[in-house]
Each structure stands twice: as structure tokens, then as C-alpha cells.
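The values are calculated or read from the model by the stated rules, or taken from the named source; none is laboratory data. Since this is a predicted model, take the numbers as computed values, not measurements. FYI the Cβ positions are ideal-geometry reconstructions off the backbone, even for glycines, and counts take in every protein chain you see.
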Amino acid sequence: MSNRLANPHLDTMASDFLYHLDINVANTQDTSDIQQKFGDVRVVCTGGTASRMRELALYMRKVLGVSDPSDPVDLCERGHRYAMYKVGPVLCVSHGVGSSTFSVVLHELLKLVKYARCQNPIFLRIGTCGGLGVPPGTVVVTKDAFNGLLRNEHQIAILGKLVVRPAQFSEDVIKNIMEYGADPNDGFQTISANTMGTDCFYEGQGRTDGAICEYTEKDKMDFLQKCHDLGIRNIEMEASMFASVTKKVGVKAGDVCVTVVNRLEGDQVTVTMDQKHEFEQRPFLVVGRYIKKLLSQNLLK
Ligand code: R2B
């Protein structure tokens with residue numbers, strides 16, 4: 001990551017309040033306080049809920065051999081929007097549901113690591129998703145991110161115009177996660193495949209069980225088959241935004257999600273909460289091994 005983001009206006013700001021994180025960069029010319037607090041961060045892990053990110057923080061303590069009996073501290077508690085935990089060089093941050101809530105915290109996190117002068121930090125999303133032709137519990141490491149129009153890009157309205165940006169994740173992050181994170185003895189499959197990120201959980205993902213539906217079951221199945229033919233094996237709500245923003249600013253990133261339903265067999269998520277919880281540990285395992293290798297072998301370049 002270069003020490004500049006894709007925004008020349010930032011260079012003219014004397015201070016910068018990262019509002020949703022409740023972090024004040026009081027002097028952008030002298031960020032030594034931010035550097036002291038966050039300068040050692042090498043990996044930023046993001047995921048939907050605050051409780052899952054707290055659990056991930058506890059898990060990362062084990063992975064990194066950090067012995068700390070105290071309760072993890074939410075560094076953004078006063079912001080009341082997102083939760084952030086720090087375990088040595090790893091940040092675990094919640095992002096809510098979907099691209100819109102995620103993009104808010106992503107912009108602020110990218111500015112945070114810039115002000116903190118972090119060295120080539122890697123951004124990861126650890127999430128849940130619907131699967132496409134794979135059994136529930138499968139972990140999918142995203143290759144290309146498609147939007148709801150089945151294009152390998154992200155679209156965003158800016159100043160009244162549609163701006164289209166490419167949405168691919170870093171090839172070496174994908175390769176390293178597959179090589180060091182996946183283990184055939186895990187008892188579940190970890191695959192690398194394309195992901196569709198939509199702006200809506202119901203109609204946007206072709207579900208027939210939302211409050212509105214104006215298509216038939218056959219229309220839905222034709223669409224899902226088309227997705228499958230494009231190599232899409234999971235559907236969530238963040239991948240195309242996440243891939244495009246990180247690509248635009250030159251930060252390496254990866255998306256690792258566990259499927260909770262096979263959409264070729266139904267729309268409703270019917271796994272029990274215990275099963276869902278067990279599934280949610282799977283990306284922890286994969287990403288935990290990857291991060292351990294990354295930090296020990298200094299793959300962060
Ligand atoms: C997967 O799970 C959430 C919706 O239930 C959403 O964040 C996603 O992409």
C-alpha cells in the first residue's frame with residue numbers, strides 16, 4: 001500500500017474525525033498517537049456482527065499465542081455503530097449487513113491504516129453466505145466478485161452518475177489462503193470460486209420468500225443456473241464493493257465465507273443456531289492458519 005489513498009483532498013485536511021469508529025485524527029501532519037496505537041496492524045479482519053468479531057478476537061489470541069485473560073475491549077464502543085477489537089497485529093471489526101454499511105467502515109479503516117502508517121496491511125472479510133450447488137458448511141474463498149447484474153464489477157452512483165469499477169481480489173491472497181489456510185482433513189470443503197454480491201438479501205438474490213416477488217420459481221432457477229454457469233458458488237452482499245474499493249486504493253484483500261444454505265435446494269436458511277455457530281468457526285480456522293503463516297513467514301509485502 002502506498003502511503004496515499006485515492007483522494008487528493010485528504011492531503012489538504014488538517015484533522016480527520018473517523019466518525020463511525022469514534023477515532024479522532026487531530027493532526028494529520030503528526031499522527032504519532034495513531035501510529036503508536038495502530039501502527040503494528042498487519043491484518044484487518046472484518047465480518048458482519050460484533051459478537052462474531054469478539055469471538056474472532058478471542059480465537060486470534062489462541063492462534064497468535066497471546067495470553068490475555070481479560071475481556072476483549074471494543075475500541076469503537078462509543079461510536080455505537082461498529083465494534084473493533086485488536087489482538088497484536090490483527091484488528092477484528094464488524095461491518096453490519098451489506099455493502100452500504102460495510103463501505104462506511106471500510107473507508108474509515110483504510111484511512112486509519114494510512115494515518116497509522118501500517119506496512120502493507122491485508123484486509124479480509126470473514127462471513128456467511130448462501131451456497132450455489134455446494135453443501136452447507138462449505139468455505140468459499142472468492143476469486144472474482146460479480147454484482148447482481150452478473151458483471152464482474154461494482155457499480156455506485158456518484159454525483160448523479162453511475163461509476164463502474166472492477167471487482168477482483170488479490171490473486172496472491174487467494175493463493176496463500178488456499179495453500180496455507182485450507183486443510184483437506186478439516187471435515188469440510190474449502191474451495192476457491194466466484195461470488196455474487198447483491199444489494200438485497202431477498203429479490204436481489206432471487207429468493208421467492210421476501211415481502212415482494214414478481215417472478216416465478218422457474219425464473220429464479222434459470223437465474224441461479226446462470227450464476228452457477230459463471231462459476232459462482234456463493235452469494236452474499238459485500239464482495240463486489242469490498243473487492244472494488246480495496247483494488248482502487250491498492251490494498252490486498254480476500255473474502256472467506258461459509259455457506260449456510262444450498263440455494264439450488266431452497267431459499268430459507270434452516271440450519272439450527274448451533275449448526276450455524278459451528279459453521280461460523282470454519283472461516284476462523286482457515287483464516288487463522290493463513291494469518292499465522294503470513295505473520296511468521298513475513299508474506300506481507
Ligand atoms: C451474508 O449474511 C448476511 C445476511 O444474512 C449478509 O451480510 C451476507 O452477505
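On the stretch given as segment 257-284, residues that are over 27 Å from G210 (Cβ atoms) and buried (at least 20 other Cβ atoms within 10 Å of the Cβ) total 2.
Can we say D222 is loosely packed, with under 14 Cβ neighbours inside 10 Å, over 15 Å from the mean Cα position of the chain (by Cα) and either modelled with pLDDT under 95 or on the phi < 0 side of the Ramachandran plot (or both)? Yes. Of all residues in segment 100-139, those satisfying the criterion of being away from the ligand (no atom under 16 Å from the Cβ) and surrounded by fewer than 19 Cβ atoms within 10 Å (Cβ to Cβ) are H107, R117, Q119, N120, G133, P135.
T259 fulfils the conditions (1) touching a residue at least 60 places away in the same chain (Cβ under 8 Å); (2) among the polar types (S, T, N, Q); (3) more than 11 Å from the ligand (Cβ to nearest atom) except for a single criterion, (3).
Given the criterion within 26 Å of E55 (Cβ to Cβ), more than 15 Å from the ligand (Cβ to nearest atom) and touching a His at 6+ places or on another chain (Cβ under 6 Å), identify the matching residue among G65, G79. Break it down stepwise before answering.
Values: G65 fails: touching a His at 6+ places or on another chain (Cβ under 6 Å).
That would be G79, the only listed residue that is within 26 Å of E55 (Cβ to Cβ), more than 15 Å from the ligand (Cβ to nearest atom) and touching a His at 6+ places or on another chain (Cβ under 6 Å).
Is it true that some residue in segment 159-173 is out of contact with any strand residue (DSSP E or B) (no Cβ under 8 Å at 6 or more places or on another chain), closer than 26 Å to Q268 by Cα and free of Cβ contacts under 8 Å to residues at least 60 places away in the same chain? Spell out how you get there, then give the answer.
Of the residues in segment 159-173, the ones out of contact with any strand residue (DSSP E or B) (no Cβ under 8 Å at 6 or more places or on another chain) are 159-161, 171-172.
Checking which are closer than 26 Å to Q268 by Cα leaves us with none.
Within segment 159-173 (the criterion being out of contact with any strand residue (DSSP E or B) (no Cβ under 8 Å at 6 or more places or on another chain), closer than 26 Å to Q268 by Cα and free of Cβ contacts under 8 Å to residues at least 60 places away in the same chain), the answer is no, since none of the residues qualifies.
Of the residues making up segment 10-53, those that are part of a helix (DSSP H, G or I) and over 22 Å from S100 (Cα atoms) are D11, T12, S32, D33, I34, Q35, Q36, K37, F38.
Tally up the residues in segment 82-99 that are within 11 Å of the ligand (Cβ to nearest atom) and without any contact (Cβ under 8 Å) to a residue 60 or more places away in the chain, please.
To start, the set of residues in segment 82-99 that are within 11 Å of the ligand (Cβ to nearest atom) comprises 94-99.
Narrowing further to those that are without any contact (Cβ under 8 Å) to a residue 60 or more places away in the chain: 94, 96.
The qualifying residues number 2.
Of all the listed residues (T46, T31), the sole one being at pLDDT 95 or above and closer than 23 Å to R125 by Cα is T46.
I'd like the residue in segment 181-207 that is farther than 26 Å from N152 by Cβ and surrounded by 12 or more Cβ atoms within 10 Å (Cβ to Cβ) and, out of all such residues, is nearest to the ligand (Cβ to nearest atom). I'd like the intermediate steps shown before the answer.
First pass over segment 181-207, keeping only residues farther than 26 Å from N152 by Cβ: 183-188.
Retained after the next criterion (residues that are surrounded by 12 or more Cβ atoms within 10 Å (Cβ to Cβ)): 183, 186, 188.
Working: D183: 24, D186: 21, F188: 18 Å.
For segment 181-207, the residue satisfying everything is F188.
Kindly check whether there is at least one residue in segment 210-226 that is within 11 Å of the ligand (Cβ to nearest atom) and of a type in the set (F, W, Y). Checked against the condition, which is being within 11 Å of the ligand (Cβ to nearest atom) and of a type in the set (F, W, Y), segment 210-226 yields no hits at all.
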